[in-house]
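Read the structure below first, then the notes.
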Amino acid sequence: MQGTGNPYWDCVEGEEFCLPYCPLCQKFVFYPRKLCPNCFKSPLEWKVVPGRGKVYSYTQVRVSALPEFDSITPYVLALIELDVGVKMLSHLVDCPSEKITINMPVEMVFREIAGQKLPVFRPGEGL
């Protein structure tokens, strides 16, 4: 696999989920950046993490602001609180919108959406 030079997207291409980690603060960081937003001193390390968490909030997108997503509307955009302590926006798939609840456990999967492999979430264990 030829890398892009971007650790986040290189991991996604290999169907792994990696996040920056601050060894001084001992916290994960999202969105990816070069320095820790807490201590501003430490260069960050990239670590593979499990893509598990819970739905923090969500909305159903009926009209996309981006033409690339027109073909998949309506879709659910969710704010996911990952078990490692950060939140990220992502698509929620494989679940009818009427079954989604706040705090619902979710797990990451990788899907091709609008011509790009993306990390998305589906209902997790026990659902």
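The values are calculated or read from the model by the stated rules, or taken from the named source; none is laboratory data. Predicted model, so just to flag it, every value in this text is computed and none were measured. Cβ placement follows ideal geometry from the backbone for every residue including glycine, while neighbour counts extend to all protein chains displayed.
Things to note:
- Failed item, numbered, when residue 105 is tested on (1) under 15 Å from residue 121 (Cβ atoms); (2) without any contact (Cβ under 8 Å) to a residue 60 or more places away in the chain; (3) out of contact with any Pro (no Cβ under 9 Å at 6 or more places or on another chain): (3)
- Applying the criterion of at least 1 residues that are small (Gly, Ala, Ser) to the strands (runs of 3 or more DSSP E) found wholly in region 27-127 leaves 52-61, 75-82, 87-92.
- Condition broken by residue 48, with the remaining ones in (1) of a type in the set (A, V, I, L, M, F, W, C); (2) closer than 19 Å to residue 125 by Cα; (3) in contact with an Asp or Glu (Cβ under 6 Å, 6 or more places away or on another chain) satisfied: (2)
- Checked against the criterion of being touching a Leu at 6+ places or on another chain (Cβ under 9 Å) and within 22 Å of residue 6 (Cβ to Cβ), the candidates 89, 66 yield just one match: 89.
- Region 88-98, residues that are touching a residue at least 12 places away in the same chain (Cβ under 8 Å) and exposed (fewer than 15 other Cβ atoms within 10 Å of the Cβ): 89, 94, 97
- Residue that is surrounded by the most Cβ atoms within 10 Å (Cβ to Cβ) [pool: residues in region 36-61 that are hydrophobic (A, V, I, L, M, F, W, C) and within 16 Å of the chain's Cα centre (by Cα)]: 55
- Some residue of region 99-121 being surrounded by 13 or more Cβ atoms within 10 Å (Cβ to Cβ), in contact with a helix residue (DSSP H, G or I) (Cβ under 9 Å, 6 or more places away or on another chain), more than 24 Å from residue 29 (Cα to Cα) and outside the structural domain of residue 23 (by TED's automatic domain parsing): yes
- Any hit, region 64-79, residues being at pLDDT 95 or above, in contact with a Lys or Arg (Cβ under 6 Å, 6 or more places away or on another chain) and surrounded by fewer than 17 Cβ atoms within 10 Å (Cβ to Cβ): yes
- Region 41-94: number of residues that are within 19 Å of residue 11 (Cβ to Cβ) and among the charged types (D, E, K, R): 5
- In the set (1) under 16 Å from the mean Cα position of the chain (by Cα); (2) at pLDDT 90 or above, the condition left unmet by residue 116 is number (2).
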